[in-house]
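Here's the structure we're looking at; comments come further down.
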Amino acid sequence: MVEGKILITGGTGFIGQELVSRLAENRKVEVHELIRYVTGRYSFDKNRKVITHYATLTDFPAIKSIVRDVQPDYVVHLAAVSPVSFSYDHYVEVSEANYIGTINLAEACYREVSHFKQMILAGTSEEYGMTLKDRNKKLTESSQLHPNSPYAIAKVASDMYLTYMNEAYNFPSTILRPFNTFGRRTNAHFFIERTITQMLKGDKVYLGDRSAIRDWIYVDDHVAAYEKALGNKKAIGETIQICSGKSYTTEETAKIIAKLTGFKGEIVWNSTPKRPLDARILIGDNTKAKKLLGWEPRYTLEEGLKKTISHWKKQAQGR
């Protein structure tokens, strides 16, 4: 188990909340989270085991000051403007937050912490874009990157910057590249959560492309990969995919959700705004994660969906 100070950016986000909660249970670590200040977000919980810092990642002096004060042994960089569709019209905001923010954080760690041990960057399968053409093949860490959104381009640039720092200065970085993750508790913007919440509410569901093919990962498995990578010397200087290796079309996925929710209504496909470009097939090979991290998914798609549906049912019932 890792020991020392851990700084997590994006601690209030989807993955960040889960990871912060798990790491806070470990008495051998001191957990710090770095989040952007939003009115009403400040916590007055004196029993909370997490130390919160507020700053915008594009503000280098503020980031440098926080890193200098905290002196983290490890950084897990999860903060990002993540909705792909949002990035097409807000390309400057997304590029600055996701790319410049990563540079600022990495440089602050390199310059201000002499004993720094590891920075883990959250990459994304979106970096591959339209690389894969065949459902019977899988993407590997050495597959061509073909980003097709401002969001994905910023992520590729961030990967390259950390690779440069590792090669030039022996900066201890690890890039985890997770595939499509589900199991959100509050955000129904993404495909699986949007499908579940619509099926629980009514007799008509409005979705986009029925033929897109995805490799789904349940949130608990995603978070476990970060735990496995933290302090893992084998992961230093590496890019590692976090994926199941199994593929489902969005239509196949919706049918499974319909079965589990008892939905008997109509699905209206191609009824949501189309992106200028979209990756049709994203399927990963998790061989490297198994070998270097000792990680593999514990949950099948159906098992993860059952847990996610149960949560949203309780939400709908006000519990």
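Only the coordinates and a few stated rules stand behind these numbers; no lab work does. Keep in mind the model is a prediction, meaning the values are calculated, not measured. All Cβ positions, glycine included, derive from the backbone under ideal geometry; neighbour counts span all protein chains shown.
For the residue pair ASN170 and LEU277, what label-to-label distance in nm results when each label sits 7 Å from Cα along the Cα-to-beta-carbon direction?
Going by the 7 Å Cα→Cβ label model, 3.8 nm.
Report the extension gain between ARG185 and ARG210 in nm, rounded to one decimal, defined as 0.36 nm multiplied by the number of residues separating them, less their alpha carbon distance.
Answer, rounded to one decimal: 6.6 nm.
Quick one: order CYS109, CYS243 by neighbouring beta-carbon count within 10 Å, fewest to most.
CYS109, CYS243
Roughly how tilted is helix 14-23, in degrees to the nearest 10 and between 0 and 90, from the longest Cα axis of the chain?
The angle comes out at about 50 degrees.
Kindly put THR300, THR261 in sequence by how many other C-beta atoms sit within 10 Å of each C-beta, fewest to most.
So the ranking, lowest neighbour count to highest, is THR300, THR261.
Working from the pairwise distances between different alpha carbons, so that the mean of 1/r is found and then inverted, what is the stretch 166-215's Kirkwood radius in Å?
About 14.0 Å for the stretch 166-215.
At 7 Å along the Cα-to-beta-carbon direction for both LYS314 and ASP69, put a label point, then send me their distance in nm to one decimal.
The answer from the label model is 3.5 nm.
Pick from PRO273, PRO61, PRO297: which residue has the top mean-square fluctuation in a GNM of the chain where Cα pairs under 10 Å get a spring?
Looking only at PRO273, PRO61, PRO297, the largest GNM fluctuation is found for PRO273.
PRE reach from LYS233 (point 7 Å along Cα→Cβ): which of the stretch 291-308 fall under 17 Å by backbone N?
292-294
With the cut-off at 1.5 for a/c, could you classify the chain from its C-alpha gyration tensor as rounded, prolate or oblate?
prolate
Would you calculate the separation in nanometres between label points at GLU252 and TYR54, each defined as 7 Å from the Cα along the Cα-to-beta-carbon direction?
4.7
Please report, largest first and rounded to whole Å, the three semi-axes of the ellipsoid equivalent to the stretch 39-168, where each semi-axis is the square root of five times an eigenvalue of the C-alpha gyration tensor.
29, 19, 14
Show me the three semi-axes of the equivalent ellipsoid for the stretch 124-187, from the C-alpha gyration tensor (sqrt of 5 times each eigenvalue), largest first, rounded to whole Å.
Largest first, the stretch 124-187 gives 23, 17, 12 Å.
Expressed in nm to one decimal, what extension gain is obtained for the pair PHE86 and ASN270 from 0.36 nm per residue of sequence separation less their Cα-Cα distance?
64.4 nm
What lysines could a cross-link reach from LYS233, if we take a straight Cα to Cα line under 22 Å and drop same-chain neighbours fewer than 8 places away?
Within reach: LYS5, LYS28, LYS117, LYS288, LYS290, LYS291.
I'd like the FRET efficiency for LYS28 and LYS307, computed as 1/(1 + (r/R0)^6) with the beta carbon distance as r and R0 of 30 Å, rounded to 0.05.
Here the calculated transfer efficiency is 0.55.
Sort ARG184, ARG27 by Cβ crowding within 10 Å, fewest neighbours at the top.
ARG27, ARG184
Just want to confirm a number: the relative contact order over the chain, from Cα pairs under 8 angstrom separated by 6+ residues, in percent.
17
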